[in-house]
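Here the structure comes first, spelled out in structure tokens, and everything after it is commentary.
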Amino acid sequence: MRNLVLFIAASLDGYIATKDESLDWLFKVEGEGDNGYSEFYNTVDTVLMGKKTYDWIMKYETGEFPYRDKECYVFTRSSIVDTENVSFINEDVSDFIKKLKNQLGDNIWIVGGGEMLHSLLEEKLVDEIILTIAPVIIGTGIPLFKEGDFHLNMSLINSRTFNQFAELHYEVKRE
């Protein structure tokens with residue numbers, strides 16, 4: 001079975017972006033190389049994201065689509081025609097991901113989408129969380145984890161630093 005992995009950066013106070021979706025605070029932190037991104041990226045063959053995350057990427061990323069060499073699924077409530085790089089999925093997220101996890105392949109990366117992540121955590125479908133903490137407190141913004149009625153225990157399997165960033169790699173415990 002393939003692993004579903006959240007690989008993401010957050011502020012020390014648990015936000016992934018400001019209220020206006022800015023990541024400027026993140027890019028001001030002095031890292032090291034690409035802060036482990038390439039190493040992680042080479043472990044996945046599939047990326048998942050919600051429509052809001054996809055729209056943000058299309059608005060702010062310049063050049064080619066950043067995940068063009070991976071299978072990319074965008075979850076949406078709308079009916080949208082697939083592109084060369086993206087398949088738009090308008091079906092139950094949990095059911096779709098359960099099918100993906102049972103296929104042969106490498107890890108599956110949850111790129112973003114707070115609503116999608118929240119439902120995946122509630123359904124206990126996430127296998128690993130790789131969280132890179134930036135030494136910044138932004139006070140308000142888009143939280144990494146939404147409040148909810150679920151509980152997950154994890155085990156720290158690795159930690160390392162990239163200059164000012166601290167990466168924590170957790171495995172979700174199955175009970």
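Every number in this text was worked out from the coordinates using simple rules, so none of it is lab data. Keep in mind the model is a prediction, meaning the values are calculated, not measured. Virtual Cβ from ideal backbone geometry, glycine too; neighbours counted across all protein chains shown.
Here are a few things to note about the model shown:
- 5 angstrom amide H check on Thr18, placed H, neighbours 5+ away: Ile142
- Relative contact order [Cα under 8 Å, 6+ residues apart], region 128-172, whole percent: 56
- Sites excluded, trypsin sites (Lys or Arg not before Pro) in DSSP loops with at most 15 other C-beta within 10 Å, longest stretch of the chain: 78-123
- Each of Asp92, Asp20, Asp149 has some number of other Cβ atoms within 10 Å of its Cβ, and from fewest to most they run Asp149, Asp20, Asp92.
- Taking GluC sites (Glu not before Pro) across region 118-167, the ones in a DSSP loop with at most 16 further Cβ atoms lying within 10 angstrom of their Cβ are Glu123, Glu147.
- A simple spin-label model places pseudo-atoms 7 Å from Cα toward Cβ; at Ile80 and Glu64 they are separated by 2.1 nm.
- Mean-position separation - Cα centroids, region 9-40 and region 139-172, in angstrom: 13
- Couplings 3J(HN,Hα) of region 154-164, computed from phi: 10, 10, 6, 9, 6, 9, 7, 10, 10, 6, 8 Hz, in residue order, whole Hz [Karplus 6.51 cos²θ - 1.76 cosθ + 1.60, θ = phi - 60°; x for Gly and Pro].
- Net charge dipole size for the chain [Lys, Arg +1 and Asp, Glu -1 on Cβ; Debye, nearest 20]: 240
- A P(r) calculated from all alpha carbon pairs of region 54-111, with 10 Å bins opening at zero, reads 19, 53, 26, 2 percent.
- Close amide H partners of Val47, meaning residues 5 or more places away or on another chain with modelled amide H under 5 Å apart, are Glu71, Cys72, Tyr73, Trp109.
- Packing here is the average count of other Cβ atoms within 10 Å per residue, and on that basis the peptides 103-109, 30-36, highest first, run 103-109, 30-36.
- Computed [θ] at 222 nm, deg cm²/dmol, the chain (DSSP H ≥ 4; -39,500 (n - 2.57); rounded to nearest 500): -5500 deg cm²/dmol
- Ratio of Rg to Rh over region 100-175 (Cα coordinates, Kirkwood Rh, two decimals): 0.98
- Among Ser79, Ser119, Ser155, residue whose mean-square fluctuation peaks in a GNM of the chain (springs only between Cα atoms under 10 Å): Ser79
- Table column - 3J(HN,Hα) (Hz), region 40-50, Karplus curve with 6.51, -1.76, 1.60, x for Gly and Pro: 5, 4, 6, 8, 10, 10, 9, 10, 10, 7, x
- In Hz, Karplus ³J(HN,Hα) per residue of region 18-25 (6.51, -1.76, 1.60; θ = phi - 60°; x = Gly, Pro): 6, 4, 8, 6, 7, 10, 3, 4
- Taking 19 Å as the straight-line reach from the Cα of Lys124, the lysines in range (excluding those fewer than 8 positions away in the same chain) are Lys98, Lys99, Lys101, Lys146, Lys173.
- Tail beyond 23 Å, pair distance distribution of the chain (Cα, percent): 41
- Were the residues from Lys99 through Glu175 laid out at 0.36 nm apart, the gain over their Cα-Cα distance would be 25.2 nm.
- Under 5 Å between amide hydrogens, built in the peptide plane, is the criterion, and for Ile89 it picks out Val74, Phe75, Thr76 among residues at least 5 positions away or on other chains.
- Cα shape, region 14-61, gyration tensor, a/c 1.5 rule: oblate
- Look at the dipole of region 1-111 built from charges on Cβ: of Asn85, Phe75, Phe7, the Cα furthest out on the positive end belongs to Phe75.
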